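Novice: Sharing a structure below in structure tokens format, with a few things to ask.
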Amino acid sequence: MLKKSRAVSASMFAKFSLAIALGFLISQIGIADLQSPSGSARAVSTEGTADIVWSGSTLAIEWTSVDSNSSVAVITGNETITDSDGEGSAKFPLAEVLGETISITWQRAANEEDFSNFDGSENLRELVSSRPELFVITATVGLPINDSAGRSSFIAPAQAATPSSTSFKYMTFIRENFVDETIWPGCELNLSVPFSYKGDNRGFNVDSPRFRTRMLVTVDWINGGKVSFSTAVGETKQYEKLRDGTYVLKATKSAPRSSMIVSSISESSNSTKFRMRQDVVNPFCSPLVAAGIYYDYSVALSRSGVYSVTGAALRVPNHEFYIIDAGQAGWTKIFARTGSDFGCLGVLSAGQTACRNSTPYPGTR
């Protein structure tokens, strides 16, 4: 059915601009001739370029990466078509992707130059200086595949139906049922008692009520592209792990949501840009010595459905990001990333190995 790959914020970073030149891309896409059975478009991100060509009954994508070590994931709808490195290509029977959104995500380990203008807490600044590879740099472009006239097929035509609003959902979660606590000075520990934290015990699931953090962002196109948002943090439950392997609940706390912020960059009835970020620390740990669940992204969105996401996140825990237009039956995956272990959230004293596993577990799914 599908031909697999061959090898396949405004002030956040000095190096980063928005992941895609939305105005350029939309202008190229919007001029597609309704009577023409073929055409092409180019999506340019900070991490790579994708060329999209449609002709007859086939749509093909070919991509390159700025960094040959980048992992590139291509998702259509919610199905991952390919997840491999560097450059590659994929072909789709056009009829099977009409009405879907194709997202192309470049991911790589960060380096210190990526954070030359970093905006974050002191402990995170220490971590980006000493262990920048523990952060993931992400650039995603999303391209809706529409056929508004039923005669020819092309990407996000200017004539396509426009939604009244578009929403995003970003969640972080712990896939394990329990996570044993590392010996972290600054956390509320009794060194004679092995404490553990309750996880969310799940896989990727946009509808799950279990999460560590959740951010919902809505762009109201009827109201000039106005951006609104809501946030939530799951309770943190500390358990004592008994010798027989069972767990006894000892305490429950909730982390503050004050670090979960969405800032509007620009708003209009046709396109909107905003920045979303957070640094939510385990409430049993001092924020002066422990890292939080961190991400910082710039998002650009056209009402026609083209979008881009650019930014960075700490490798732990699991991160999942979705988009939906008003009237759609279900959410569409932007990306989903399985995290490293929880050494990343420990004390950031100089010379400490912040993560026992500095590479994300494989797979975007």
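The values are calculated or read from the model by the stated rules, or taken from the named source; none is laboratory data. What you are looking at is a predicted structure, and each value in this text was computed from that prediction instead of being measured. Methodologically, a virtual Cβ is constructed for each residue, glycine included, from the backbone with ideal geometry; neighbour enumeration extends over all protein chains shown. Heavy atoms of the whole protein, side chains included, go into the accessibility calculation; ligands, DNA and RNA do not. Shrake-Rupley method; radii C 1.70, N 1.55, O 1.52, S 1.80 Å.
Novice: Restricting the search to the stretch 241-260, which residues are surrounded by 10 or more Cβ atoms within 10 Å (Cβ to Cβ) and either farther than 21 Å from ASP279 by Cβ or of a type outside the set (Ser, Thr, Tyr) (or both)? Break it down into steps so the answer makes sense when it comes.
Specialist: Restricting attention to the stretch 241-260, the residues satisfying the condition of being surrounded by 10 or more Cβ atoms within 10 Å (Cβ to Cβ) are 241-242, 247, 249-260.
Of everything in the stretch 241-260, those that are surrounded by 10 or more Cβ atoms within 10 Å (Cβ to Cβ) and either farther than 21 Å from ASP279 by Cβ or of a type outside the set (Ser, Thr, Tyr) (or both) turn out to be LYS241, LEU242, TYR247, LEU249, LYS250, ALA251, THR252, LYS253, ALA255, PRO256, ARG257, MET260.
One line per residue, one yes/no per condition, for (1) of a type in the set (Ser, Thr, Tyr); (2) modelled with pLDDT of 85 or more; (3) over 30 Å from SER57 (Cβ atoms); (4) more than 21 Å from the chain's Cα centre (by Cα):
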{"residue": "ASP85", "(1), (2), (3), (4)": "no, no, no, no"}
{"residue": "ALA95", "(1), (2), (3), (4)": "no, no, no, yes"}
{"residue": "PHE154", "(1), (2), (3), (4)": "no, no, no, yes"}
{"residue": "SER167", "(1), (2), (3), (4)": "yes, yes, yes, no"}
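Novice: While we're on this one: I'd like the full set of residues that are assigned to a helix (DSSP H, G or I) and open to solvent by 40 Å² or more (accessible area, probe 1.4 Å), limited to the stretch 130-144. Please lay out each step first, then the result.
Specialist: Step one: of the stretch 130-144, the residues assigned to a helix (DSSP H, G or I) are 130, 132-134.
Listed by number, the residues that qualify are SER130, GLU133.
Novice: A further question follows. How many residues are surrounded by fewer than 22 Cβ atoms within 10 Å (Cβ to Cβ), in contact with a Ser or Thr (Cβ under 6 Å, 6 or more places away or on another chain) and small (Gly, Ala, Ser) if we restrict to the stretch 50-80?
Specialist: Residues in the stretch 50-80 being surrounded by fewer than 22 Cβ atoms within 10 Å (Cβ to Cβ), in contact with a Ser or Thr (Cβ under 6 Å, 6 or more places away or on another chain) and small (Gly, Ala, Ser): 1 in total.
Novice: OK, next. Please determine, by comparing only the residues of the stretch 268-296 that are open to solvent by less than 10 Å² (accessible area, probe 1.4 Å) and of a type in the set (S, T, N, Q), which one is farthest from LEU124 (Cα to Cα).
Specialist: THR272
Novice: Moving on to the next point. Tell me, please, whether a residue that is assigned to a strand (DSSP E or B), touching a helix residue (DSSP H, G or I) at 6+ places or on another chain (Cβ under 6 Å) and under 27 Å from LYS333 (Cα atoms) can be found in the stretch 108-129. Write out each step before concluding.
Specialist: Quick first cut of the stretch 108-129, residues assigned to a strand (DSSP E or B) only: 108-109.
Narrowing further to those that are touching a helix residue (DSSP H, G or I) at 6+ places or on another chain (Cβ under 6 Å): 109.
When the remaining residues are screened for being under 27 Å from LYS333 (Cα atoms), the result is 109.
Among the residues of the stretch 108-129, at least one is assigned to a strand (DSSP E or B), touching a helix residue (DSSP H, G or I) at 6+ places or on another chain (Cβ under 6 Å) and under 27 Å from LYS333 (Cα atoms), which makes the answer yes.
Novice: Of the conditions (1) in contact with a Pro (Cβ under 8 Å, 6 or more places away or on another chain); (2) under 22 Å from PRO209 (Cβ atoms), TRP221 clears all except one; give me its number.
Specialist: (2)
So that you can scan it fast, the table gives a plain yes or no per residue for (1) modelled with pLDDT of 95 or more; (2) assigned to a loop (DSSP other than H, G, I, E, B); (3) not aliphatic (A, V, I, L, M):
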| position | (1), (2), (3) |
| --- | --- |
| GLY203 | no, yes, yes |
| GLY224 | yes, yes, yes |
| LYS250 | no, no, yes |
| ILE265 | yes, no, no |
| THR272 | yes, no, yes |
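Novice: Check the stretch 219-235 and report whether any residue there is among the hydroxyl-bearing types (Ser, Thr, Tyr), touching a Phe, Trp or Tyr at 6+ places or on another chain (Cβ under 9 Å) and surrounded by 13 or more Cβ atoms within 10 Å (Cβ to Cβ). Outline the logic, then answer.
Specialist: Within the stretch 219-235, the subset among the hydroxyl-bearing types (Ser, Thr, Tyr) is 228, 230-231.
From what is left, the residues that are touching a Phe, Trp or Tyr at 6+ places or on another chain (Cβ under 9 Å) are none.
There is no residue in the stretch 219-235 that is among the hydroxyl-bearing types (Ser, Thr, Tyr), touching a Phe, Trp or Tyr at 6+ places or on another chain (Cβ under 9 Å) and surrounded by 13 or more Cβ atoms within 10 Å (Cβ to Cβ).
Novice: Regarding SER103, is this residue open to solvent by 10 Å² or more (accessible area, probe 1.4 Å) and hydroxyl-bearing (Ser, Thr, Tyr)? Steps first, please.
Specialist: On the way: open to solvent by 10 Å² or more (accessible area, probe 1.4 Å): no; hydroxyl-bearing (Ser, Thr, Tyr): yes.
No, not satisfied.
Novice: Continuing with the same structure: If only one of VAL299, VAL309, VAL316 is outside any strand (DSSP E or B) and either in contact with a helix residue (DSSP H, G or I) (Cβ under 6 Å, 6 or more places away or on another chain) or open to solvent by less than 50 Å² (accessible area, probe 1.4 Å) (or both), which one is it?
Specialist: On the way: VAL299 fails: outside any strand (DSSP E or B); VAL309 fails: outside any strand (DSSP E or B).
Result of the check over VAL299, VAL309, VAL316: VAL316.
Novice: So ALA300 passes all but one of these: (1) closer than 18 Å to LYS226 by Cβ; (2) among the small types (Gly, Ala, Ser); (3) over 18 Å from the mean Cα position of the chain (by Cα). Which condition number does it fail?
Specialist: So the condition that ALA300 fails would be (3).
Novice: Right, GLU62: on the phi < 0 side of the Ramachandran plot, of a type outside the set (Phe, Trp, Tyr), in a helix (DSSP H, G or I) and at pLDDT 80 or above or not?
Specialist: Judged against the criteria, GLU62 is not a match.
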